[in-house]
Amino acid sequence: MVDGDELKYSPINSIEVPVRLDDTSGKVDKHVKIQVLDPKSGGGVWIFGPQTVQHEYDIHILKPPSPKAVVQATSLYVTDTGEQPLEGEVAFDPAGGNQEITYLVSENEYNVHVRLTCPDADGNTKLIQDGMVAESNHAPMTVNLGQDFITRIYLECRYEDPEFDWAAEKPISRTYTLTFERHLESDSRFRAMLMMEPELGHCAKVDTDDEYLKGWFGDSGIVDRGFVCRAVDSDISFIATLASPEMRAVLINQATEGKLALEGSVVHSLRLDHDRQFFTFRVQDGLQHVDYPVVAMVVEPCASMARVLGKVLRPPSQTNLLDNYCLAERCGLKDHDRCFT
């Protein structure tokens, strides 16, 4: 008999009794009672009446909790104020370790709702919301974003049990860091400049009123937000200045898709072909980024046109190197006034 139920068995085989434990990641403290009886002994007559020959066994099964499973959140739901789900840059992974997930929220969103569910491990696993024990293991939480661009919260599934030394002296936990970034329609916070070392050339922000540049670059996207970089040689150096040290910048070659990371205020060398080249100057802050189109070229010196036309050059500029050069790879009629007296 196992826990009061008769077990059928064959005398020629070993007796195996499967014992199902609780479907829990927490601890198991279970007693299994086994009775071994002689089925023929109950018919005898003893001085004190019929007797049954039997032995009873009490098997005590102890299983410690699974250190990983008792702090492994089972679900995570994040919604905006309209209860529309928000998707993170990475998906929530129940089987993963400590997780960091970033969510992008709209500019006019001031609250989000979060529900993280921790396992119910015999009541010893608690949900910790920003350092405070929640009312339950799946209590919802409203996060006030206010006017901040970035809001970060910390959720934790924490297991404590005085019966187990490893869980009593130092509780085990798993932390989920959620970051909410406000998506701004304006890119003013992405202010950045792309420059060249003065002895090698110059990068200029294109102005919408510069009809000269509009005519040259047309629909290339340079006008309004891009940069024109003119170099006197094919070996150049770029320098990026960014609005904050947390920002990152990269220069992407639009033809080859090659990338050059631009650390703020650090000189980065690059070799240009003699043909005009187009780049994307990408400024990134967290999940968001702004792309600035860039055109770079090795410009021709005014002296080249002077030899052809037999004109007298203006006196060389000692303050601005590019004053001695035309505005593009080949000098043209538009360069006449800047090059000659």
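The values are calculated or read from the model by the stated rules, or taken from the named source; none is laboratory data. Fair warning: this is a prediction, and the values are worked out from it, not measured in the lab. Don't worry about glycine lacking a Cβ; one is built from the backbone with ideal geometry, like all the others, and counts go over all protein chains shown. Accessible surface areas use protein heavy atoms only, side chains included; no ligands, DNA or RNA. Shrake-Rupley method; radii C 1.70, N 1.55, O 1.52, S 1.80 Å.
If you count only protein heavy atoms with a 1.4 Å probe, what accessible area per residue comes out for the range 67-108, rounded to a whole Å²?
Dividing the accessible area of the range 67-108 by its residue count gives 60 Å².
With every protein chain left in place and a probe of 1.4 Å, what is the accessible surface of T81, to the nearest 10 Å²?
Approximately 80 Å² of T81 is accessible to the 1.4 Å probe.
If I take all pairs of Cα atoms in the range 254-341, what percentage of them are more than 18 Å from each other?
I get 58 percent for the Cα pairs in the range 254-341 exceeding 18 Å.
Applying 1/(1 + (r/R0)^6) with R0 = 51 Å to the Cβ-Cβ distance of H113 and V266, what FRET efficiency is obtained, to the nearest 0.05?
Computed FRET efficiency for H113 and V266: 0.75.
Between K30 and L333, what is the label-to-label distance in nm when each label sits 7 Å out along the Cα-to-Cβ direction?
9.5 nm
Compactness ratio of the range 298-341: Cα Rg over 2.2 N^0.38 Å, N = residue count?
Here the answer is 1.00, to two decimals.
Return the carbon/sulfur percentage of the accessible area of the range 233-341, one whole number, probe 1.4 Å, all protein chains in place.
Percent of accessible area from carbon and sulfur atoms in the range 233-341: 51.
Tell me the accessible surface of D161 in square angstrom (1.4 angstrom probe, heavy atoms of protein chains only), to the nearest ten.
Rounded to the nearest 10, that gives 10 Å².
Give me the one-decimal nm value for the distance between modelled label points at N13 and M132, 7 Å along each residue's Cα-to-Cβ direction.
6.0 nm
Using the C-alpha atoms of the range 99-148, what convex hull volume per residue, in cubic angstrom, is computed?
Hull volume normalised by residue count: 95 Å³.
Between S234 and F340, how high is the FRET efficiency from 1/(1 + (r/R0)^6) when r is the Cβ-Cβ distance and R₀ = 30 Å? Nearest 0.05.
0.70
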